[in-house]
Amino acid sequence: MKSHTLLMPLDMHLHLRDGVMLETVAPLSSYSFSGAVIMPNLVPPVTSKEELVAYKERILNATGNRVNHEDELDFEMMDMDYFEPMMTLFYQHYPREFLEDVRDEIFAIKLYPAGITTNSEGGVSSFDLDMMRPTLEAMAALEIPLLIHGETEGFVMDREAEFMPIYGMLAKHFPNLKIVMEHITTKSAVEMLDKYPNLYATITLHHLLITLDDVAGGMLRPHLFCKPIAKRPEDREALLSAALDAHPKVMFGSDSAPHPKDKKEACGCAAGVFTAPIALQVLCELFDRHGKLENLQAFVSDNAQNIYGLCPEFKEVTLVERPFTVPSHYGTVVPMFAGETIGWSIEEVM
Ligand code: NCD
Ligand code: ZN
(Lines give C-alpha, C1' and ligand atoms only; values in the text may rest on other atoms or scores of the structure.)
(Ligands and ions follow the chains in the order given, each with its own letter.)
Protein backbone atom coordinates (compact mmCIF):
# COMPACT_ATOMS: atom_id res chain seq x y z
CA MET A 1 0.00 0.00 0.00
CA LYS A 2 1.36 3.40 -0.94
CA SER A 3 2.16 5.61 2.05
CA HIS A 4 3.47 9.11 2.62
CA THR A 5 4.79 10.83 5.73
CA LEU A 6 4.37 14.53 6.46
CA LEU A 7 6.36 16.32 9.13
CA MET A 8 4.83 19.08 11.20
CA PRO A 9 1.89 20.03 8.97
CA LEU A 10 0.71 23.62 9.46
CA ASP A 11 -2.63 25.15 8.60
CA MET A 12 -1.89 28.80 7.95
CA HIS A 13 -5.55 29.96 7.91
CA LEU A 14 -8.09 28.33 10.20
CA HIS A 15 -11.45 29.26 11.77
CA LEU A 16 -12.06 27.55 15.11
CA ARG A 17 -14.97 29.68 16.40
CA ASP A 18 -15.81 29.50 20.10
CA GLY A 19 -17.93 27.62 22.64
CA VAL A 20 -19.43 24.28 21.58
CA MET A 21 -18.25 24.73 17.98
CA LEU A 22 -14.67 25.23 19.18
CA GLU A 23 -14.91 22.05 21.27
CA THR A 24 -16.15 20.15 18.19
CA VAL A 25 -13.70 21.37 15.58
CA ALA A 26 -10.43 22.16 17.41
CA PRO A 27 -9.50 18.51 18.13
CA LEU A 28 -9.98 17.69 14.43
CA SER A 29 -7.17 20.09 13.54
CA SER A 30 -4.93 19.47 16.54
CA TYR A 31 -4.96 15.75 15.82
CA SER A 32 -2.99 16.04 12.60
CA PHE A 33 -1.53 19.57 12.48
CA SER A 34 1.37 20.92 14.55
CA GLY A 35 -0.16 24.35 14.57
CA ALA A 36 -2.50 26.74 12.82
CA VAL A 37 -3.01 30.44 12.28
CA ILE A 38 -6.27 31.21 14.07
CA MET A 39 -8.64 33.72 12.51
CA PRO A 40 -10.02 36.49 14.77
CA ASN A 41 -13.51 36.92 13.27
CA LEU A 42 -15.41 35.94 16.38
CA VAL A 43 -18.47 37.89 17.51
CA PRO A 44 -17.22 40.40 18.62
CA PRO A 45 -13.85 40.14 16.82
CA VAL A 46 -10.58 39.70 18.74
CA THR A 47 -9.20 43.23 19.17
CA SER A 48 -7.57 43.29 22.61
CA LYS A 49 -4.71 41.48 24.29
CA GLU A 50 -7.03 40.19 27.02
CA GLU A 51 -9.50 38.69 24.53
CA LEU A 52 -6.69 37.17 22.51
CA VAL A 53 -4.97 35.56 25.47
CA ALA A 54 -8.27 34.22 26.82
CA TYR A 55 -9.23 32.85 23.38
CA LYS A 56 -5.86 31.12 23.05
CA GLU A 57 -6.41 29.50 26.44
CA ARG A 58 -9.86 28.25 25.36
CA ILE A 59 -8.29 26.78 22.21
CA LEU A 60 -5.54 25.04 24.17
CA ASN A 61 -8.17 23.62 26.51
CA ALA A 62 -10.30 22.44 23.59
CA THR A 63 -7.29 20.66 22.07
CA GLY A 64 -6.45 18.85 25.28
CA ASN A 65 -3.47 21.02 26.18
CA ARG A 66 -4.67 22.07 29.62
CA VAL A 67 -3.68 25.38 31.12
CA ASN A 68 -3.22 25.45 34.90
CA HIS A 69 -4.39 28.16 37.27
CA GLU A 70 -1.15 30.12 36.90
CA ASP A 71 -2.00 30.51 33.21
CA GLU A 72 0.98 28.43 32.31
CA LEU A 73 0.89 25.36 30.15
CA ASP A 74 0.67 22.31 32.37
CA PHE A 75 3.32 20.08 30.85
CA GLU A 76 2.32 17.07 32.91
CA MET A 77 -1.15 17.10 31.49
CA MET A 78 0.05 17.93 28.03
CA ASP A 79 -0.30 15.00 25.68
CA MET A 80 2.06 14.22 22.87
CA ASP A 81 0.16 16.05 20.23
CA TYR A 82 0.68 19.63 21.29
CA PHE A 83 -0.90 22.05 18.86
CA GLU A 84 0.25 25.64 18.59
CA PRO A 85 -2.53 28.17 18.02
CA MET A 86 -0.83 31.08 16.22
CA MET A 87 -3.08 33.93 17.25
CA THR A 88 -4.18 36.89 15.15
CA LEU A 89 -5.83 40.19 15.98
CA PHE A 90 -8.61 41.70 13.89
CA TYR A 91 -7.13 44.72 12.05
CA GLN A 92 -7.99 48.16 13.30
CA HIS A 93 -5.87 51.30 13.20
CA TYR A 94 -3.92 50.32 16.32
CA PRO A 95 -1.47 52.72 18.03
CA ARG A 96 2.17 51.66 18.19
CA GLU A 97 2.17 51.39 22.00
CA PHE A 98 -0.66 48.87 21.81
CA LEU A 99 1.20 46.82 19.19
CA GLU A 100 4.38 46.83 21.27
CA ASP A 101 2.41 45.59 24.25
CA VAL A 102 0.68 42.78 22.35
CA ARG A 103 3.65 41.84 20.17
CA ASP A 104 4.72 38.72 22.02
CA GLU A 105 1.21 37.25 22.08
CA ILE A 106 0.38 37.54 18.40
CA PHE A 107 1.51 35.90 15.22
CA ALA A 108 -0.07 38.37 12.79
CA ILE A 109 -2.91 40.82 12.22
CA LYS A 110 -5.77 39.93 9.89
CA LEU A 111 -7.37 42.66 7.82
CA TYR A 112 -10.92 42.34 6.47
CA PRO A 113 -12.58 44.90 4.23
CA ALA A 114 -15.77 45.89 6.11
CA GLY A 115 -18.65 43.48 5.52
CA ILE A 116 -16.84 41.37 2.93
CA THR A 117 -17.34 38.01 4.67
CA THR A 118 -18.56 36.29 7.88
CA ASN A 119 -18.31 38.60 10.93
CA SER A 120 -16.25 41.28 9.20
CA GLU A 121 -18.56 44.25 9.78
CA GLY A 122 -15.91 46.02 11.89
CA GLY A 123 -13.31 45.80 9.12
CA VAL A 124 -11.64 48.50 7.05
CA SER A 125 -13.96 50.68 4.98
CA SER A 126 -11.31 52.55 2.99
CA PHE A 127 -7.74 51.72 2.07
CA ASP A 128 -6.55 55.23 2.79
CA LEU A 129 -2.75 55.21 3.05
CA ASP A 130 -2.60 58.10 5.49
CA MET A 131 -5.09 56.44 7.80
CA MET A 132 -3.25 53.12 7.68
CA ARG A 133 0.35 54.35 7.67
CA PRO A 134 0.99 54.62 11.46
CA THR A 135 -0.32 51.10 12.10
CA LEU A 136 1.38 49.51 9.10
CA GLU A 137 4.71 51.23 9.79
CA ALA A 138 4.59 50.05 13.39
CA MET A 139 3.72 46.53 12.24
CA ALA A 140 6.65 46.53 9.82
CA ALA A 141 9.03 47.79 12.53
CA LEU A 142 7.78 45.19 15.02
CA GLU A 143 7.82 42.48 12.33
CA ILE A 144 4.11 41.72 12.63
CA PRO A 145 2.83 40.22 9.35
CA LEU A 146 -0.36 41.56 7.76
CA LEU A 147 -2.82 38.92 6.51
CA ILE A 148 -5.47 40.26 4.13
CA HIS A 149 -8.83 39.04 2.89
CA GLY A 150 -8.39 40.68 -0.51
CA GLU A 151 -11.77 41.37 -2.08
CA THR A 152 -13.51 44.55 -3.22
CA GLU A 153 -17.27 45.10 -3.25
CA GLY A 154 -17.38 44.60 -7.03
CA PHE A 155 -19.03 41.85 -9.07
CA VAL A 156 -18.51 38.63 -7.15
CA MET A 157 -16.29 36.93 -9.75
CA ASP A 158 -14.09 40.04 -10.07
CA ARG A 159 -13.67 40.97 -6.42
CA GLU A 160 -10.29 39.38 -5.89
CA ALA A 161 -8.79 40.53 -9.20
CA GLU A 162 -10.00 44.07 -8.46
CA PHE A 163 -8.15 43.98 -5.16
CA MET A 164 -4.74 43.42 -6.82
CA PRO A 165 -3.89 47.14 -7.10
CA ILE A 166 -4.49 47.49 -3.35
CA TYR A 167 -2.09 44.62 -2.65
CA GLY A 168 0.40 46.28 -5.00
CA MET A 169 0.05 49.68 -3.33
CA LEU A 170 0.51 48.24 0.17
CA ALA A 171 3.44 46.04 -0.88
CA LYS A 172 5.16 49.00 -2.53
CA HIS A 173 4.60 51.54 0.26
CA PHE A 174 5.52 49.14 3.07
CA PRO A 175 8.39 47.09 1.63
CA ASN A 176 9.40 45.84 5.08
CA LEU A 177 5.91 44.58 5.90
CA LYS A 178 5.24 40.92 5.22
CA ILE A 179 1.84 40.81 3.47
CA VAL A 180 -0.06 37.57 2.92
CA MET A 181 -2.83 37.37 0.31
CA GLU A 182 -5.17 34.98 2.09
CA HIS A 183 -7.00 32.14 0.35
CA ILE A 184 -6.20 33.28 -3.20
CA THR A 185 -8.54 32.05 -5.92
CA THR A 186 -7.30 33.66 -9.12
CA LYS A 187 -4.53 33.50 -11.67
CA SER A 188 -3.99 37.24 -11.17
CA ALA A 189 -3.15 36.71 -7.49
CA VAL A 190 -0.62 33.97 -8.34
CA GLU A 191 1.04 36.38 -10.78
CA MET A 192 1.39 39.03 -8.05
CA LEU A 193 3.74 36.77 -6.10
CA ASP A 194 6.53 37.30 -8.58
CA LYS A 195 6.04 41.07 -8.72
CA TYR A 196 6.54 42.02 -5.07
CA PRO A 197 9.14 40.44 -2.78
CA ASN A 198 7.07 41.05 0.37
CA LEU A 199 3.84 39.44 -0.94
CA TYR A 200 3.00 35.83 -0.02
CA ALA A 201 -0.16 33.74 -0.31
CA THR A 202 -2.18 30.98 1.27
CA ILE A 203 -4.22 28.54 -0.81
CA THR A 204 -7.09 26.38 0.46
CA LEU A 205 -7.78 22.76 -0.39
CA HIS A 206 -11.17 23.46 -1.90
CA HIS A 207 -9.89 26.12 -4.31
CA LEU A 208 -7.45 23.53 -5.69
CA LEU A 209 -10.38 21.22 -6.40
CA ILE A 210 -13.48 23.16 -7.40
CA THR A 211 -14.63 25.92 -9.72
CA LEU A 212 -17.85 27.91 -9.69
CA ASP A 213 -19.37 25.07 -11.71
CA ASP A 214 -19.12 22.76 -8.70
CA VAL A 215 -20.86 25.33 -6.50
CA ALA A 216 -23.64 26.52 -8.76
CA GLY A 217 -23.29 24.94 -12.20
CA GLY A 218 -25.73 22.15 -11.46
CA MET A 219 -27.81 21.79 -8.32
CA LEU A 220 -26.71 24.40 -5.78
CA ARG A 221 -24.20 22.95 -3.30
CA PRO A 222 -24.24 25.16 -0.21
CA HIS A 223 -21.42 23.28 1.53
CA LEU A 224 -19.08 24.44 -1.26
CA PHE A 225 -20.16 28.08 -0.96
CA CYS A 226 -17.42 30.26 0.48
CA LYS A 227 -15.72 33.63 0.24
CA PRO A 228 -13.93 34.19 -2.02
CA ILE A 229 -16.19 32.18 -4.30
CA ALA A 230 -14.50 29.47 -6.42
CA LYS A 231 -13.58 30.89 -9.84
CA ARG A 232 -12.85 29.71 -13.38
CA PRO A 233 -10.98 26.56 -14.54
CA GLU A 234 -7.93 28.62 -15.58
CA ASP A 235 -7.79 30.14 -12.10
CA ARG A 236 -7.88 26.72 -10.47
CA GLU A 237 -5.12 25.58 -12.84
CA ALA A 238 -2.90 28.50 -11.80
CA LEU A 239 -3.46 27.74 -8.11
CA LEU A 240 -2.79 24.04 -8.70
CA SER A 241 0.48 24.75 -10.52
CA ALA A 242 1.68 27.01 -7.71
CA ALA A 243 0.83 24.42 -5.03
CA LEU A 244 2.00 21.31 -6.91
CA ASP A 245 5.28 22.93 -7.93
CA ALA A 246 5.80 24.08 -4.34
CA HIS A 247 6.05 27.76 -5.20
CA PRO A 248 8.17 28.99 -2.26
CA LYS A 249 5.83 31.93 -1.49
CA VAL A 250 2.72 29.79 -1.23
CA MET A 251 1.49 28.09 1.94
CA PHE A 252 -1.40 25.79 2.73
CA GLY A 253 -4.18 27.55 4.65
CA SER A 254 -7.36 25.49 4.75
CA ASP A 255 -9.75 28.37 5.54
CA SER A 256 -11.75 25.56 7.10
CA ALA A 257 -14.76 27.59 8.22
CA PRO A 258 -17.40 25.60 10.11
CA HIS A 259 -21.02 26.70 10.21
CA PRO A 260 -23.91 24.66 11.66
CA LYS A 261 -25.80 22.66 9.05
CA ASP A 262 -28.95 24.76 9.47
CA LYS A 263 -26.99 27.93 8.61
CA LYS A 264 -25.61 26.31 5.42
CA GLU A 265 -28.73 24.56 4.18
CA ALA A 266 -30.71 27.76 4.43
CA CYS A 267 -32.13 30.59 2.45
CA GLY A 268 -29.16 32.94 2.97
CA CYS A 269 -26.43 30.30 3.18
CA ALA A 270 -23.42 31.18 5.36
CA ALA A 271 -20.06 31.26 3.53
CA GLY A 272 -17.44 28.70 4.47
CA VAL A 273 -16.26 25.18 3.59
CA PHE A 274 -15.38 22.81 6.43
CA THR A 275 -12.30 20.80 5.45
CA ALA A 276 -10.17 20.44 8.60
CA PRO A 277 -10.75 16.70 9.17
CA ILE A 278 -10.05 15.63 5.59
CA ALA A 279 -7.51 18.20 4.41
CA LEU A 280 -4.27 16.22 4.63
CA GLN A 281 -5.82 13.05 3.21
CA VAL A 282 -7.28 14.84 0.19
CA LEU A 283 -4.07 16.83 -0.37
CA CYS A 284 -2.15 13.53 -0.48
CA GLU A 285 -4.61 12.14 -2.98
CA LEU A 286 -4.39 15.27 -5.13
CA PHE A 287 -0.59 15.58 -5.10
CA ASP A 288 -0.23 11.84 -5.74
CA ARG A 289 -2.61 11.98 -8.69
CA HIS A 290 -0.38 14.64 -10.24
CA GLY A 291 2.83 12.73 -9.42
CA LYS A 292 3.92 15.53 -7.06
CA LEU A 293 3.76 13.91 -3.62
CA GLU A 294 7.35 14.93 -2.97
CA ASN A 295 6.29 18.60 -3.07
CA LEU A 296 3.48 18.32 -0.52
CA GLN A 297 5.82 18.77 2.46
CA ALA A 298 6.83 22.22 1.19
CA PHE A 299 3.22 23.24 0.64
CA VAL A 300 1.91 22.06 4.04
CA SER A 301 4.82 23.09 6.23
CA ASP A 302 8.30 23.93 4.92
CA ASN A 303 7.33 27.04 2.99
CA ALA A 304 5.56 28.50 6.02
CA GLN A 305 8.53 27.64 8.22
CA ASN A 306 10.86 29.43 5.82
CA ILE A 307 8.63 32.44 5.26
CA TYR A 308 8.03 33.07 8.96
CA GLY A 309 11.11 31.44 10.53
CA LEU A 310 8.94 28.98 12.45
CA CYS A 311 10.09 25.97 14.45
CA PRO A 312 6.90 23.94 14.87
CA GLU A 313 6.24 21.24 17.46
CA PHE A 314 7.35 17.86 16.19
CA LYS A 315 4.58 15.81 14.66
CA GLU A 316 4.84 13.03 12.10
CA VAL A 317 1.71 12.14 10.16
CA THR A 318 1.70 8.97 8.08
CA LEU A 319 -0.95 8.70 5.40
CA VAL A 320 -1.79 5.63 3.35
CA GLU A 321 -3.64 5.07 0.11
CA ARG A 322 -6.61 3.37 1.79
CA PRO A 323 -10.21 4.45 1.17
CA PHE A 324 -11.87 6.48 3.91
CA THR A 325 -15.57 7.25 4.03
CA VAL A 326 -16.01 10.80 5.29
CA PRO A 327 -18.58 11.10 8.12
CA SER A 328 -21.84 12.82 7.19
CA HIS A 329 -21.27 15.35 9.97
CA TYR A 330 -19.05 16.30 12.89
CA GLY A 331 -21.40 17.61 15.56
CA THR A 332 -23.62 20.07 13.70
CA VAL A 333 -21.12 20.63 10.86
CA VAL A 334 -21.12 18.97 7.44
CA PRO A 335 -17.59 18.48 6.06
CA MET A 336 -16.52 18.64 2.44
CA PHE A 337 -16.96 15.17 0.86
CA ALA A 338 -19.53 14.20 3.54
CA GLY A 339 -20.63 10.61 2.98
CA GLU A 340 -18.22 10.18 0.07
CA THR A 341 -15.17 7.94 -0.03
CA ILE A 342 -11.78 9.56 -0.44
CA GLY A 343 -8.66 7.66 -1.51
CA TRP A 344 -6.27 8.29 1.38
CA SER A 345 -6.48 7.88 5.16
CA ILE A 346 -4.38 8.95 8.13
CA GLU A 347 -2.59 5.82 9.37
CA GLU A 348 -0.69 7.18 12.34
CA VAL A 349 0.25 10.43 14.06
CA MET A 350 3.41 10.51 16.16
C1 NCD B 1 -15.03 32.48 6.61
C2 NCD B 1 -15.86 32.30 7.88
O3 NCD B 1 -16.89 31.65 7.83
O4 NCD B 1 -15.43 32.79 8.94
N5 NCD B 1 -15.86 32.16 5.48
C6 NCD B 1 -15.43 31.83 4.24
O7 NCD B 1 -16.28 31.68 3.36
N8 NCD B 1 -14.16 31.63 3.97
C9 NCD B 1 -14.49 33.86 6.56
C10 NCD B 1 -13.48 34.09 5.48
O11 NCD B 1 -12.33 33.63 5.58
O12 NCD B 1 -13.81 34.72 4.49
ZN1 ZN C 1 -11.05 32.52 6.43
Where the accessible area of the chain is counted over protein heavy atoms with a 1.4 Å probe, how much of it, in %, is carbon and sulfur? 53 percent
Rank Ala62, Pro113, Leu7 by how far each Cα sits towards the positive end of the charge dipole of the chain (+1 on Lys, Arg Cβ; -1 on Asp, Glu Cβ) and give me just the farthest. Pro113
Any helix of the chain counts here only if DSSP assigns it H throughout, its Cα atoms span 18 Å or more along the axis, and its mean Kyte-Doolittle hydropathy is at least -1.0, and such helices are 49-62, 159-173
Nearest 500 deg cm²/dmol is fine: what mean residue ellipticity at 222 nm does the chain get from its DSSP H runs of n ≥ 4 alone, each adding -39,500 (n - 2.57), divided by its residue count? -8500 deg cm²/dmol
Given unit charges at Cβ for Lys, Arg (+) and Asp, Glu (-), the dipole magnitude of the chain about its Cα centre in debye, nearest 20, is 920 debye
Cross-link pairs beyond the 29 Å C-alpha cut-off, checked among Lys263/Lys315; Lys249/Lys315; Lys110/Lys172: Lys263/Lys315
Would you mind telling me the antiparallel percentage of the DSSP bridges in the chain, rounded to 5? 35 percent
Identify which of Ile203, Ile106, Ile59 has the largest mean-square fluctuation in a Gaussian network model of the chain, with springs joining Cα atoms closer than 10 Å. Ile106
Net +/- balance of residues flanking Gly217 in space, Cβ distance below 14 Å, scoring K and R +1, D and E -1: +2
If you take the charge dipole of the chain about its Cα centre, with +1 on Lys and Arg Cβ and -1 on Asp and Glu Cβ, which of Met350, Pro260, Leu310 is farthest toward its positive end? Pro260
Over the stretch 196-350, give the accessible area per residue in Å² for a 1.4 Å probe, as an integer. 40 Å²
Among Ile166, Ser241, Pro228, which residue has its Cα furthest toward the positive end of the charge dipole of the stretch 151-252, with +1 on Lys/Arg Cβ and -1 on Asp/Glu Cβ? Ile166
May I have the extent of the alpha carbons of the stretch 85-226 along their three principal axes, as whole Å values ordered from largest to smallest? 52, 30, 27
With every protein chain kept in place and a 1.4 Å probe, the stretch 105-190 has an accessible area per residue in Å² of 37 Å²
Val273's amide H: which non-local residues (gap 5+, or another chain) put their own amide H closer than 5 Å, with H modeled 1.01 Å from N in plane and none for Pro or chain starts? Ala257
Cα→Cβ-extended label distance, 7 Å offset, between Asp18 and Thr325, nm: 3.8 nm
Among Ser120, Ser256, Ser241: highest mean-square fluctuation, GNM of the chain, C-alpha pairs under 10 Å: Ser241
Choose one answer from Glu234, Glu160, Glu84: the residue with the largest mean-square fluctuation in a GNM of the chain with alpha-carbon springs under 10 Å. Glu234
Using Cα-Cα distances under 8 Å and only pairs 6 or more residues apart, what relative contact order does the chain have, in percent? 20 percent
Name the shape class, rounded, prolate or oblate, that the alpha-carbon gyration tensor gives for the stretch 88-137, where a ≥ b ≥ c are the square roots of its eigenvalues, rounded holds for a/c under 1.5, and otherwise prolate holds if a/b is larger than b/c and oblate otherwise. oblate
Once phi is turned into θ = phi - 60°, what whole-Hz ³J(HN,Hα) does the Karplus curve with 6.51, -1.76 and 1.60 give for every residue of the stretch 298-314, x standing for Gly and Pro? 5, 5, 8, 7, 4, 4, 5, 4, 5, 5, 9, x, 8, 10, x, 4, 5
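The values are calculated or read from the model by the stated rules, or taken from the named source; none is laboratory data. Everything numeric here is computed off the predicted structure, so don't read it as measured data. Positions of Cβ are backbone-derived with ideal geometry, glycine not excepted, and every protein chain shown enters the neighbour counts. The protein model used for the area step is the full one, side chains on, heavy atoms only, and it has no ligands, DNA or RNA in it. Shrake-Rupley method; radii C 1.70, N 1.55, O 1.52, S 1.80 Å.
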